[in-house]
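What follows is a short report on a single structure.
The values are calculated or read from the model by the stated rules, or taken from the named source; none is laboratory data. From a predicted model like this one, the values you see are computed outputs, not experimental measurements. All Cβ positions, glycine included, derive from the backbone under ideal geometry; neighbour counts span all protein chains shown. Surface areas here come from the heavy atoms of the whole protein model, side chains and all, with no ligands, DNA or RNA. Shrake-Rupley method; radii C 1.70, N 1.55, O 1.52, S 1.80 Å.
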Amino acid sequence: MGMDRDSKDSDGLDLAVVAAVAGGWIEAEAPPETHDMLFTALDEWSAEPRRSAARLWLTLLDRLGRDFRFDAVVSACRVALSLMPSQHCFRFLLARGLFRVGEVDAALVELEPVAALTAHNPEQMLLRIEIAAARGEDPEPLLALVEAWLAANPNWSGQHAALLRGLITLGRSERIGPLLAPFLAEPTEDMEALVDQARLALIGGDPLAARTRFEPLWSRADPALDLVVGRFDGRVRPYSAEIEAAILERIATTPDVADPPDDLGGDEPLPPCRVLLVGFESSIFPNDVVHHLRESCIAAGLETHQILDDALILGCDVRLTDAAIEARIATFEAEVERLRPELVLIEWCSPLTSRGLRPDIMARLKQRLGFRLIVSIRDAHAPALACMTGWLEAADTLLVFHPLSPILTTGDGRFADRVFSGWHAVQPMAPPPPFEGRPINLSFVGSVFFTMRNAILSVLLTEDLPFTAIFGDQRAIQLPDMAAYLGFLGQSRATLNISAHTNSEHLITGRVWEAAALGTLLLEQDNPCTRLFFTPWRHYLPWTTLDDIAQLCRFVHRNPGVAAEIAGRARLRAERRYSAKRLWRGLLAHARR
């Protein structure tokens, strides 16, 4: 019998039946909020001259995934597999969907029929690595697959970088170096390859290899790369009397700047207020922002409660079903109703999605229970602008720690009066030791997610400098909680901070406030944000180039008394100007205005 090419696809599936099944599934199984989006995709597919069932279901799955509808992804994959059981892509997508909703063993079962493909498919190999890490499996079989694939594919690509990063997931970052070595031996001018290989070399424990990979980028002397890889001419100058004299002169000749007037008062008691802080419990590292908000709220004399739940804040990352997250939201709402806070402060640090708390949920809850809502944005830079404007639909106040945030100027400043530019009123967990007895000269602690941090560390760790860095795997091992982290910072005479967070934007980070509170000298990347709170050369030492950092590191080592004076001034300023009571007095007044 002949086949109508317009009614069947190349696999022989009746396209009218496929469309009917898809439409029925959307009506019966897809979240109602996605119906318009999915039916539009179905209509667009129906109008295509050359259609296939696989293309339709891949399109539906893509749109559901982009909308973080993971339960629906799992359901749609099962339907697609029932129509096309030989299409391995749907089995892989089902396994990935099951993993995302926490059904790790079920995901592994789905991969078993296509296990032979894992050795040849980097995407499937990466999923298998994640499953192995979640199940605590012996990583050696997967390490052998990665090694074999890398050997069989000598031309570097993003897949190579992703697979080597997978070794970090497996807790085997020490294996990165040997596997990366053949690729480092090949010259390249490709910026993405240079950056990926340099970052991997640093995580793998070879800062010299990382520095070598960054050198072609530094040699371009391109100002556009200053906030990407830093400004460096490839050579750290020998420390000299002239360098030291120049630093001392800048310190001696920089006048203090008077505080601008404000209405935040001093340390007078605040009126009673029941405050509920909401945030995530933990990611890889402790939630430092919620810690500082909680401790400052207590120090301000306010009744303080907290709810920490990853499902509320990090819904797109936690391995839970959509239904489980909705249940956690219901539990949260019941707890808010029980506590009856006057003020709810949500510490937000992820995109707005369908999973987790949303402005519409909080607007309804606020209207029902009558509290004021503050939403704190961890990194209030341009990439977070859509998130910030979204939360302003519900929040009385948007708390930002970025005094030059684009939210203040967006739409000709129409949101400015809804934003409170604040600070971290850090409360030391233990008295820091005397400055002169601190064993660490200059420290760095942080993630190496940002390229610039990798570039800087590759230089500082390959020079003869009194410098200590904790990053990568060692950060979670050596500094597992806030007490350990703040204790380490308090053992440091000085700490390095890198304010660049995008290719064009600086942020004032928590480390600025932590250093001030602990009497630790801040070596801060020169930027306009920190200057609005502290005066460079009086309260911290600014740097612009990588060579500057090296010279300031040596200066602190040779001049601990001067370093202690600068750190002491910063501490006094933070205690006087940026106290917990002044922060919360301003926040409460702004939210109640």
| field | Cα-centred dipole magnitude for the chain, charges only on beta-carbon of K, R (+1) and D, E (-1), debye, nearest 20 | value | 1360 debye
| Ile440's amide H: which non-local residues (gap 5+, or another chain) put their own amide H closer than 5 Å, with H modeled 1.01 Å from N in plane and none for Pro or chain starts? | Arg493
| With a sphere of radius 10 Å drawn around the Cβ of Trp156, what net charge do the other residues whose Cβ falls strictly inside it have (Lys, Arg +1; Asp, Glu -1)? | -4
| field | Counted charge near Glu335, where neighbours are those whose Cβ lies closer than 11 Å (Asp, Glu -1; Lys, Arg +1) | value | 0
| remark: Karplus-derived 3J(HN,Hα) from phi for the range 572-581 (6.51 cos²θ - 1.76 cosθ + 1.60, θ = phi - 60°), whole Hz, x at Gly and Pro, runs 5, 5, 5, 5, 7, 8, 10, 7, 5, 5
| field | Positive-pole candidate from Val556, Val18, Ala54, dipole of the chain, charges at beta carbon | value | Val556
| query | Once phi is turned into θ = phi - 60°, what whole-Hz ³J(HN,Hα) does the Karplus curve with 6.51, -1.76 and 1.60 give for every residue of the range 49-64, x standing for Gly and Pro? | reply | x, 10, 10, 8, 4, 4, 4, 4, 5, 5, 5, 4, 5, 4, 5, 5
| said: Out of all DSSP beta bridges in the range 435-578, what portion is antiparallel? Express it as a percent rounded to 5. | reply: 5 percent
| query | Share of the chain's accessible area from carbon and sulfur, percent, 1.4 Å? | reply | 53 percent
| Using the beta-carbon distance between Ala327 and Asn155 and R0 = 35 Å, what value does 1/(1 + (r/R0)^6) give for FRET efficiency, to the nearest 0.05? | 0.15
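To the nearest 0.05, what FRET efficiency results for Leu369 and His35 with a Förster distance of 30 Å applied to their C-beta separation? Mind dumping the intermediate values first?
Details: r = 31 Å, r/R0 = 1.03.
That pair, Leu369 with His35, gives E of 0.45.
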| query | For the range 478-593, what is the charge dipole size about the Cα centre, in debye to the nearest 20, if Lys and Arg each add +1 at the Cβ and Asp and Glu each add -1 at the Cβ? | reply | 760 debye
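Work out the P(r) tail for the range 222-328: percent of alpha carbon pairs separated by more than 21 Å, whole number.
Across the range 222-328, Cα pairs with separations above 21 Å total 70 percent.
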| query | Over the alpha carbons of the range 1-112, what is the largest minus smallest coordinate on each principal axis, giving the biggest first in Å? | reply | 45, 33, 19
| request: Please report, in cubic angstrom per residue, the volume enclosed by the convex hull of the alpha-carbon atoms of the range 243-300. | output: 175 Å³
| field | Size of the range 435-578 as Cα extents on the principal axes (Å, biggest first) | value | 36, 36, 30
| query | So what is the accessible area of the chain per residue, in Å², with the probe set to 1.4 Å? | reply | 43 Å²
| Charge dipole of the range 1-142 about the Cα centre (unit charges at C-beta), most positive-ward option of Ser7, Leu93, Gly136 | Ser7
| said: What are the extents of the Cα atoms of the range 317-377 along their three principal axes, in Å, largest first? | reply: 32, 24, 16
| said: Let's test the formula: R0 of 25 Å, r as the Cβ-Cβ distance of Glu123 and Glu48. What FRET efficiency results, to the nearest 0.05? | reply: 0.45
| Furthest towards positive pole of dipole, Met452, Ala185, Gly266, structure part the chain, Cβ charges | Gly266
| For Thr169 and Glu140 in one chain, what is 0.36 nm times their gap in residues minus the Cα-Cα distance, to one decimal in nm? | 9.1 nm
| task | Would you mind checking which residues have amide H under 5 Å from Val419's amide H? H placed 1.01 Å from N; only 5 or more apart, or other chain. | result | Leu398
| query | Which peptide among 85-98, 432-445 comes first, and what is the full order, when sorted by highest mean count of other Cβ atoms within 10 Å? | reply | 85-98, 432-445
| request: List every residue whose amide H lies under 5 Å from the amide H of Gly472, counting only residues 5 or more places away in sequence or on a different chain, with H placed 1.01 Å from N in the peptide plane. | output: Val448
| Whole-number D in µm²/s for the range 101-238 (Stokes-Einstein; Kirkwood sum over Cα pairs; 20 °C, 1.002 mPa s) | 130 µm²/s
| message | Not counting ligands, DNA or RNA, and with a 1.4 Å probe, what is Ser75's accessible surface area in Å² rounded to the nearest 10? | response | 30 Å²
| Expressed as a whole percent, how much of the Cα-Cα distance distribution for the range 274-422 exceeds 20 Å? | 46 percent
| note | Scalar couplings 3J(HN,Hα) for the range 308-318 by Karplus 6.51 cos²θ - 1.76 cosθ + 1.60 (θ = phi - 60°), nearest whole Hz, x for Gly and Pro, are 10, 8, 4, 5, 6, 10, 10, x, 6, 10, 6
| query | Taking the alpha-carbon set of the chain, what are its Rg and Dmax in Å? | reply | 27.1, 95
| query | Taking the Cα-to-Cβ direction at Glu575 and at Glu393 and moving 7 Å from each Cα, how far apart do the two end points lie in nm? | reply | 4.6 nm
